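The values are calculated or read from the model by the stated rules, or taken from the named source; none is laboratory data. Because the structure is predicted, anything quoted here is derived from the model rather than measured. Because the Cβ atoms are built from the backbone with ideal geometry, glycine has one as well, and the counts that use them run over all protein chains shown. With ligands, DNA and RNA removed, areas are computed over all heavy atoms of the protein, side chains included. Shrake-Rupley method; radii C 1.70, N 1.55, O 1.52, S 1.80 Å.
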Amino acid sequence: MHMPRHFIKTLARLSTAAVVLAALLMSASCVDEHEYADTPADNFEALWRIIDEHYCFFEYKREAYGLDWNEVKARYAGQIDPRMSDTQLFEVLGNMLAELRDGHVNMYSSWDTSRYWSWKEDYPSNVSDTLLNLYLGTDYRMVSGLKYRRLDDNTGYVRCPSFANSFGDGNLDNILFYLAPCNGLIIDIRDNGGGLLTAAEKLAARFTDRSLHVGYMQHKTGPCHDAFSDPEPQTLKPSRGMRWHKPVVVLTNRAVYSAANEFVKYMKCCPQVTVIGDRTGGGAGLPFSSELPSGWSIRFSACPMYDRDMQSTEFGIEPDHYVSLSQEELLKGRDSIIEYARKIIAQGQTGAGVEGRTAGANETGL
């Protein structure tokens with residue numbers, strides 16, 4: 001049994017695409033005037049209040065599907081019983097969190113993680129590991145989690161399954177140098193669930209020669225649902241390394257989330273970039289962590305992000321072309337989404353190629 005808590009520790013993950021501190025967790029504390037014991041009722045009340053005061057998408061989701069957090073509390077309060085087991089309590093609290101329809105909302109115990117994955121599991125996957133293996137073959141190159149090769153039609157192909165780890169500048173230089181003779185480039189981020197915003201930004205920075213306004217970010221300033229800072233512009237600055245000027249096609253599906261969702265947002269602002277596949281899964285809020293009296297930790301979205309038109313991307317980003325994985329083509333060993341990308345590149349073989357950059361004056365592309 002845990003002692004009553006006079007405060008709830010919080011860890012805020014604060015980041016913008018314009019600063020190097022993206023994706024680093026910074027410590028903060030939030031003093032709570034309430035004392036909570038480790039009982040089902042107090043754990044329920046603590047969780048509801050933490051979300052109520054810090055979650056960032058209440059207004060947006062009220063408009064999108066009628067979310068009423070007070071109504072949710074009244075509905076789930078009747079399921080709380082002082083005699084219920086930890087497992088039963090965990091299930092009820094997890095179901096309540098699922099009402100937020102947010103893949104960034106998780107609760108962690110020593111035996112399970114509550115999650116809302118309908119944002120991707122209710123849709124076609126539009127990716128096949130078998131087909132990816134056919135296109136990559138066995139002689140592909142691999143570095144920093146990226147797999148890449150030249151396809152047989154002289155199209156460059158880069159498979160980026162995650163942004164969990166950062167990329168070295170030298171690694172990206174070597175990849176682009178190797179693919180420089182290609183007519184265009186396919187960046188396949190299907191099933192990329194996110195990771196470090198810095199990694200997404202570093203990769204996207206290879207596809208612009210000038211600073212680009214790519215969106216906005218806000219921060220919570222108080223417990224009210226509409227208490228936010230003024231929107232802070234997000235800027236994508238060009239890399240000082242090698243940059244790509246030929247056509248680029250980004251492949252997406254519903255499992256593209258969080259930092260990968262931001263990558264798509266950045267790339268849509270870059271020249272000569274086309275996005276094809278399915279709508280991304282979303283995840284436009286940076287996570288914030290806290291703890292319940294039971295010791296279970298809770299993570300949820302606390303800092304909303306928007307595209308350059310100040311539109312939320314929480315529920316995903318539309319592709320420029322909707323393309324699905326064809327069952328008929330799959331049986332032939334062909335990925336219809338990759339093939340569509342190759343077709344786009346074949347129709348637009350223009351651009352100046354890859355330009356080398358080294359550190360020095362006038363390297364920002366401004």
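Data table
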quantity: Failed criterion for ILE337 (all others in (1) part of a loop (DSSP other than H, G, I, E, B); (2) modelled with pLDDT of 95 or more hold); calculated: (1)
quantity: Residue match in the range 91-113 (condition: part of a helix (DSSP H, G or I) and of a type in the set (Gly, Ala, Ser)); calculated: yes
quantity: Filtered residue count, the range 55-64, keeping only those that are in contact with a strand residue (DSSP E or B) (Cβ under 8 Å, 6 or more places away or on another chain) and surrounded by fewer than 19 Cβ atoms within 10 Å (Cβ to Cβ); calculated: 1
quantity: Which numbered condition PHE167 misses (of (1) assigned to a loop (DSSP other than H, G, I, E, B); (2) open to solvent by 10 Å² or more (accessible area, probe 1.4 Å); (3) under 23 Å from THR280 (Cβ atoms)); calculated: (2)
quantity: Any hit, the range 284-291, residues being under 30 Å from GLU45 (Cβ atoms), touching a strand residue (DSSP E or B) at 6+ places or on another chain (Cβ under 9 Å) and part of a loop (DSSP other than H, G, I, E, B); calculated: yes
quantity: Which listed residue, of ARG101, ARG159, ARG149, ARG115, is among the charged types (D, E, K, R) and more than 26 Å from GLY316 (Cα to Cα); calculated: ARG149
quantity: Residue in the range 191-200 that is modelled with pLDDT of 95 or more, open to solvent by 50 Å² or more (accessible area, probe 1.4 Å) and either more than 25 Å from the chain's Cα centre (by Cα) or over 23 Å from VAL214 (Cα atoms) (or both) present; calculated: no
quantity: Residues of the range 206-230 satisfying the condition of being open to solvent by 50 Å² or more (accessible area, probe 1.4 Å) and within 30 Å of ASP169 (Cβ to Cβ); calculated: ASP209, ARG210, HIS213, TYR216
quantity: Pick from the range 149-163, criterion within 22 Å of the chain's Cα centre (by Cα), part of a strand (DSSP E or B) and not aliphatic (A, V, I, L, M), ranking: nearest to GLY348 (Cα to Cα); calculated: TYR157
quantity: Residue check, ILE317 over 12 Å from the mean Cα position of the chain (by Cα) and either among the aliphatic types (A, V, I, L, M) or surrounded by fewer than 23 Cβ atoms within 10 Å (Cβ to Cβ) (or both); calculated: no
quantity: Cβ pairs under 7 Å, 6+ apart, first in the range 80-96 and open to solvent by 90 Å² or more (accessible area, probe 1.4 Å), second assigned to a helix (DSSP H, G or I); calculated: PRO82/PRO40; PRO82/ALA41
quantity: Residue that is modelled with the lowest pLDDT, among those in the range 118-157 that are of a type in the set (A, V, I, L, M, F, W, C) and out of contact with any Asp or Glu (no Cβ under 7 Å at 6 or more places or on another chain); calculated: TRP119
quantity: Flag if LEU67 is touching a Leu at 6+ places or on another chain (Cβ under 8 Å), assigned to a helix (DSSP H, G or I) and open to solvent by less than 50 Å² (accessible area, probe 1.4 Å); calculated: no
quantity: Residue among ALA227, ALA302, ALA255 that alone is more than 22 Å from GLY184 (Cα to Cα) and at pLDDT below 95; calculated: ALA302
quantity: Index of the failed condition, MET242 passing every other in (1) touching an Asp or Glu at 6+ places or on another chain (Cβ under 8 Å); (2) at pLDDT below 95; calculated: (2)
quantity: Looking only at the range 292-302, and only at residues there that are assigned to a strand (DSSP E or B) and open to solvent by 10 Å² or more (accessible area, probe 1.4 Å), the one that is nearest to ASP52 (Cα to Cα); calculated: ARG299
quantity: Residues of the range 106-145 that turn out to be free of Cβ contacts under 8 Å to residues at least 60 places away in the same chain, open to solvent by less than 100 Å² (accessible area, probe 1.4 Å) and among the hydrophobic types (A, V, I, L, M, F, W, C), as a count; calculated: 2
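A quick yes/no check of all residues on (1) free of Cβ contacts under 8 Å to residues at least 12 places away in the same chain; (2) closer than 30 Å to PHE90 by Cα; (3) of a type in the set (Ser, Thr, Tyr):
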| position | (1), (2), (3) |
| --- | --- |
| TYR257 | no, yes, yes |
| SER290 | no, yes, yes |
| SER294 | no, yes, yes |
| MET305 | no, yes, no |
| VAL323 | no, no, no |
| LYS332 | yes, no, no |
